[in-house]
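The values are calculated or read from the model by the stated rules, or taken from the named source; none is laboratory data. Quantities reported herein were computed from a predicted structural model and do not represent experimental measurements. Virtual Cβ from ideal backbone geometry, glycine too; neighbours counted across all protein chains shown.
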Amino acid sequence: MLDFRPPLDTPFLFWWAKINLPLMMKFNLKGTTVRVMDGALERFAKLKGKHAMVCPNHSNRHDPQIMFAFGVKADEYFNFVAAREVFDYDHGINGWWLQRLGTYSVVRGAADRESFKTTRRILSEGQKKLVLFPEGEISRQNDTIMPLESGAAQLSFWAMTDLEKHFLEAKAGKNGKEVGTTNDTTAGTEFEPVYIQPMAFKYTYPGDISSELRESLKMLEMRLGLKVDEEGTFQVRIKRLAETLLSTLEKEYGFKRRDDLTMNDRVRELRLHILKNLAAVLNVELDNNARELEWVRTLRNKLDDFIYADEEKMSEYEKEVHEQKQKTYKTYYKDLNRVVNFISIYDGYVSERSTQERIAEVLDRMETEVVGGEPAPKGAREVLVDVGEAINLGEYYAEYKTNKKAAVSKVTDRLFAEISRMLNKMESERTPRYLE
């Protein structure tokens, strides 16, 4: 069943987490620090007390902790929305903390009404900002972002309709509370609009981590049965690892490649092979005009929809059959994670810009595949954080009422462009370390 996990905001735990944040950043996150770009806090403060959804890129599993650390600097706490399965990590301990620090669940692809209602309530009340990562997946790539899901814009427009309803009721005198009025001529509506606040996180290694990267290479070479090549360059050793890993996965999935395929073609063809086979198993028809990531989302939604199906109306026998099939379906998540893990990596990714961050990204992906779990940071990181210009949904609301799809698409495209702009700007303003 959907088993919605609501936010259980606990002021004492917010305070406790704030006090212990320096220790957590030092020990749990291996000395991670946060550097807020010039003007970012001032731009963020413009939405103080407003109805706002905050949308950062999602390149790393530590993004929620970075957002919390930014909130401490901005003197704000947030609500977060996270995928339902995250609450089951560490035998439910992870979920216990998440809920009490203002996080609630959503089952992707399902009609998760309780989650949608909670989102609309938080945005329309405007007491705390809501953080949602619009990529929907951890990209594991710092330089760019993946295509965004439309959910951030759609949910925010739904909250706008609630605000309009409350405003009209108050204006008609149906309740004694005047809500959401504004004198701001830029708002686009008579009532207070919802804003989407773009943010960008960029993980960097300011120190030299080449020795840690070589240790990772050595470990991977040994795990894959290769001779340790201490004298080889990073690029040569990574390419050799990629070739071995790719050949192993092609064999595992029964994929017979053509001899004339480049490595990039082989990676892409294997991803397509995995996705099409899984679609056949799940009886899902994929849109041939859609991107691979959209296929991943379609298949993941299908899995979520089945795994979290409502069992209340099932007989005991139906529940037993459903639970048996659940176990099989849960194994398919690894296939989808594998596709996402390599969806942005291609031959030449390191050679075209051999920063130590890019090398670390590739090795992290390989460690996830070969070793399992989440690899630890390769050293002390500095996370650059920037805040873009807020998107006022009031400017799009009239169009939304006549053409919902077009308005949602425009807002999503604008959000993508603003996050991309900030990532490019942060990269251009820093001095990266290059490795041979």
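Give me a count of the residues in the stretch 380-401 that are under 21 Å from ARG35 (Cα atoms) and either among the charged types (D, E, K, R) or at pLDDT below 95 (or both).
Selection size over the stretch 380-401: 4.
Restricting to the stretch 108-127, name every residue that is part of a loop (DSSP other than H, G, I, E, B) and surrounded by fewer than 18 Cβ atoms within 10 Å (Cβ to Cβ).
GLY109, ALA111, GLN127
Being buried (at least 20 other Cβ atoms within 10 Å of the Cβ), in the same structural domain as PRO193 (by TED's automatic domain parsing) and within 19 Å of the chain's Cα centre (by Cα): is that true of PHE68 here?
When the stated conditions are applied, PHE68 passes them.
Determine which member of the set PHE87, PHE80 is in the same structural domain as SER124 (by TED's automatic domain parsing), modelled with pLDDT under 95, surrounded by 14 or more Cβ atoms within 10 Å (Cβ to Cβ) and touching a Gly at 6+ places or on another chain (Cβ under 7 Å).
That would be PHE87, the only listed residue that is in the same structural domain as SER124 (by TED's automatic domain parsing), modelled with pLDDT under 95, surrounded by 14 or more Cβ atoms within 10 Å (Cβ to Cβ) and touching a Gly at 6+ places or on another chain (Cβ under 7 Å).
Taking only the stretch 2-44 into account, find how many residues are among the small types (Gly, Ala, Ser) and exposed (fewer than 13 other Cβ atoms within 10 Å of the Cβ).
Residues meeting the conditions: 1.
Can you confirm whether VAL383 is in contact with a helix residue (DSSP H, G or I) (Cβ under 6 Å, 6 or more places away or on another chain) and not acidic (Asp, Glu)?
Against the criterion (in contact with a helix residue (DSSP H, G or I) (Cβ under 6 Å, 6 or more places away or on another chain) and not acidic (Asp, Glu)), VAL383 qualifies.
Out of all the residues in the stretch 40-73, which are without any contact (Cβ under 8 Å) to a residue 60 or more places away in the chain and either over 18 Å from PHE133 (Cβ atoms) or among the charged types (D, E, K, R) (or both)?
GLU42, ALA45, LYS48, VAL72, LYS73
Hey, could you check the stretch 343-401 for residues that are assigned to a loop (DSSP other than H, G, I, E, B) and acidic (Asp, Glu) and say which is nearest to the chain's Cα centre (by Cα)?
Going through the qualifying residues, I end up with GLU374.
Going through the stretch 304-313 one residue at a time, which ones are surrounded by 21 or more Cβ atoms within 10 Å (Cβ to Cβ), in a helix (DSSP H, G or I) and touching a helix residue (DSSP H, G or I) at 6+ places or on another chain (Cβ under 7 Å)?
Selection gives ILE307 alone.
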